[in-house]
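These notes concern the structure reproduced below.
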Ligand SMILES: [Zn+2]
């Protein structure tokens, strides 16, 4: 099963990079994830360059945690989605995913995906457990705004963060967006299929 490899910015070693390249070459690892906020660094920190170059070499996306953090020790400013804009501009061949649509900074996220063809966003981790009716309505409005502003959602990816949140509530959430069937299919799997080169039938 293909996986995304989380990389600890503060703790990774030279030999970890070599191990990662092996997994990337074998296709076991389909992408990397970084955790700014949980760790105090900005995604445009020059020390990330080696990871971005690795991802470009193997043509896999780098997923970047943005927005709220599930830890009181995290420092929020590092997790701002606008910080991903620098990376998207400086590495035009790098495929990026802004995780959690930068929630609650969704507007900043929508600008980054709007202006950078290589930037995508996922809707995972917006809630703990189940959406309440009011919170679902609140998030639905924001994701709809994103699609209105940034255009056809070729950049938007489904994701849940299960087991933190429930699958059923998430499927209902996406249905509540009231998308066309075409856009729904893109978000649910076609965009991810293309981006991560999953090789699922019919793109
Ligand atoms: Zn995350």
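From the list 163, 153, which residue is within 16 Å of the ligand (Cβ to nearest atom) and without any contact (Cβ under 8 Å) to a residue 60 or more places away in the chain?
When all the criteria are applied, what remains is 163.
Anything in segment 146-174 that is over 18 Å from residue 185 (Cβ atoms) and not in a helix (DSSP H, G or I)? List them, or say none.
Residues satisfying the conditions are 161, 162, 163, 164, 165, 166.
Say we look at segment 53-66 and pick out the residues that are away from the ligand (no atom under 16 Å from the Cβ) and in contact with a helix residue (DSSP H, G or I) (Cβ under 7 Å, 6 or more places away or on another chain); which of these is farthest from residue 76 (Cα to Cα)?
Filtering segment 53-66 for residues that are away from the ligand (no atom under 16 Å from the Cβ) and in contact with a helix residue (DSSP H, G or I) (Cβ under 7 Å, 6 or more places away or on another chain), the one farthest from residue 76 (Cα to Cα) comes out as 58.
Need pairs with beta-carbon distance below 6 Å; first residue closer than 19 Å to residue 109 by Cβ and at pLDDT 95 or above and within segment 48-64, second in a helix (DSSP H, G or I) and more than 16 Å from the ligand (Cβ to nearest atom); sequence gap 6+ or separate chains.
Cβ pairs passing all conditions: 61/195; 62/55.
Tell me which residues, restricted to segment 125-138, are within 16 Å of the ligand (Cβ to nearest atom) and more than 16 Å from the chain's Cα centre (by Cα).
128
Do you know which of the residues in segment 129-145 that are outside any helix (DSSP H, G or I) and in contact with a strand residue (DSSP E or B) (Cβ under 9 Å, 6 or more places away or on another chain) is surrounded by the most Cβ atoms within 10 Å (Cβ to Cβ)?
Ranking the qualifying residues of segment 129-145, first place goes to 131.
Show the residue pairs meeting these rules: Cβ distance below 9 Å; 6+ apart or different chains; first residue within segment 18-34 and under 19 Å from residue 199 (Cβ atoms); second residue within 16 Å of the ligand (Cβ to nearest atom) and outside any strand (DSSP E or B).
Once the first residue is under 19 Å from residue 199 (Cβ atoms) and sits in segment 18-34, its partners that are within 16 Å of the ligand (Cβ to nearest atom) and outside any strand (DSSP E or B) give 30/61; 31/61.
Which strands (runs of 3 or more DSSP E) does segment 1-104 wholly contain that include 3 or more residues that are crowded, with 20+ Cβ neighbours inside 10 Å?
29-34, 62-65, 96-99
Taking segment 105-128 only, how many residues are surrounded by 14 or more Cβ atoms within 10 Å (Cβ to Cβ) and not in a helix (DSSP H, G or I)?
12
The values are calculated or read from the model by the stated rules, or taken from the named source; none is laboratory data. Note that this is a predicted model, so its numbers are computed, not measured. FYI the Cβ positions are ideal-geometry reconstructions off the backbone, even for glycines, and counts take in every protein chain you see.
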